[in-house]
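Following: one structure in structure tokens, then a few remarks.
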Amino acid sequence: MASITEQNDGINRKKSFYRSVPFQIAVAAGVSFTAPGMWDALGGLGAGGAAEPFAVSAANAILYALFAVFCVLAGAINNRIGLKWGLAIGVSDFAIGYPLYGAGLYTNNKTATTWFMIFGSVCCGISAGFFWAAEAAIIIGYPSPKERGFYLACWQTAKASGPIIGGAITLGLNANRETAGSVGSATYIVFIVLMCLGLPIALCLSPASKVWRKDGTRVVVHKHASLWEELRAVVKLATSRRIVLLVPAFFISYFYNPFVSTWLTSYFTVRSRAFSSFFTPFAGICSSFIIGTFLDKQSIHIRTRARIAFATIVIIMTGTWIWAIILQKRFYDNPPVFDWFQGGFGSAYALVFLWTFIGQSFQQYLYWVVGQYTTDLSSLSHHTGILRGLEALGQTVAWAMQSEAGVNHFVSIGMNFGILLIAVIPTWIVVSALDHTHEIVVTEQTGIPGKNDEEEDIVKSGGHTPALSE
């Protein structure tokens, strides 16, 4: 294994690449590629590739309801049992839960059997809650604050690469399907196999205490005395002024996704949906690096960066929902079925592309914002658990709205647009208060005699305490 030797306080320290931040992000990205990436590829088909979206939408509503609960709880549980074991449980269950979900979609596609699809959704919702609370903390907490935008973009790219490769597989297997309907069964088999690769990749992850950053700072973990204290810390954070103000933004950040799934199923042929599954993730990759590069730009004050990025996101999102209203009125008057690159396909598909472009930017932006308000990895785990939990709650409502035949698409458009507007002012208040990162800065020094770990962290950070995160 490659290593780096540095001189620090007169001590030569050999640093293994295996313990570096880039390697940890690569591991997390690899797991994201195999499991949620493949899940997104199925979602990119519209309704998990099924001919009718309603049963799949109901299953997804159950999935996200469980996801919302377990994601918040996992933020506390992971800290209590130790980050290493919390991550192991999350990724292990995740690697099992997602293949079961894929298998459920397969059986529903073959025999219209819904019970196994529901069972797969339950398993997936529980496992995903643990996984996302853990992985979000890794992606934001392991890198130093000035590199978070870049590593968030790398993570989003890996997550998007799953749908790209999965979409290419789907496109190859369904390129001759010129009509609406369900995708071929072989599509699900390939996805399930890829999903199962997540667990062995996840086992390569290092615990936070052994990770080193190139700027010499350390990842700090502050564990509470008991699980009850961890849960109390989560409740305290969840009811804090800052988090309450961010609730609408967390809730709406991925609310659009179920509507996009139904939109694709309703108005696009199988092969045009397969094309969307392959090509649309490039939108998220582009936007992730654009916003990540800007948010890491240290020459611009952090508050200015936050305001400019948020204002741009809101303006583009507003444009997409106005565009959606215009197109939806046209579609209700004369319902289309778009084949690729034919008769109005461009204007309808461009909207799907833009939703992904700006939606991924918004999610990445929110991760970055909460990362600036945390003091250590444990606090960050609480933050990201709440963020992902509320995001999943939003998707629970959104999927439930798509679970009935004859759903009025204007209702979905109106809710997406309306909650976005509600989120603008409270989110602006939060980002306008940004002045610097609150992360505890601990450098790689020898221990301070006579002090426990928490006191030593506070001394090395210049007096910042974990209370700032709450």
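For this structure, a couple of remarks:
- Residue under evaluation Gln328, criteria (1) in a helix (DSSP H, G or I); (2) closer than 25 Å to Asp435 by Cα; (3) not hydroxyl-bearing (Ser, Thr, Tyr), criterion not met: (2)
- Just so you know, in the stretch 163-188 the residues that are at pLDDT 70 or above and not small (Gly, Ala, Ser) include one that is nearest to Ser127 (Cα to Cα), and it is Pro163.
Yes/no per residue for (1) modelled with pLDDT of 80 or more; (2) in a helix (DSSP H, G or I); (3) surrounded by fewer than 21 Cβ atoms within 10 Å (Cβ to Cβ):
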| residue | (1), (2), (3) |
| --- | --- |
| Gly102 | no, yes, no |
| Tyr106 | no, yes, no |
| Lys110 | no, yes, yes |
| Ile118 | no, yes, yes |
| Val122 | no, yes, yes |
| Ala128 | no, yes, no |
| Lys146 | yes, yes, yes |
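- Residue count, the stretch 416-431 (criterion: farther than 16 Å from Ile315 by Cβ and buried (at least 19 other Cβ atoms within 10 Å of the Cβ)): 1
- Restricting the stretch 36-63 to residues that are within 28 Å of Pro207 (Cα to Cα) and at pLDDT 70 or above, the residue that is farthest from the chain's Cα centre (by Cα): Met38
- Selection from the stretch 331-384 of residues that are of a type in the set (S, T, N, Q), in a loop (DSSP other than H, G, I, E, B) and farther than 30 Å from Pro207 by Cα: Asn334, Gln342
- The listed residue being part of a helix (DSSP H, G or I), more than 16 Å from Tyr365 (Cα to Cα) and in contact with a Leu (Cβ under 8 Å, 6 or more places away or on another chain), out of Ala283, Ala249, Ala274: Ala274
The values are calculated or read from the model by the stated rules, or taken from the named source; none is laboratory data. Owing to the predicted nature of the structure, the values given are computational and were not obtained by experimental measurement. All Cβ positions, glycine included, derive from the backbone under ideal geometry; neighbour counts span all protein chains shown.
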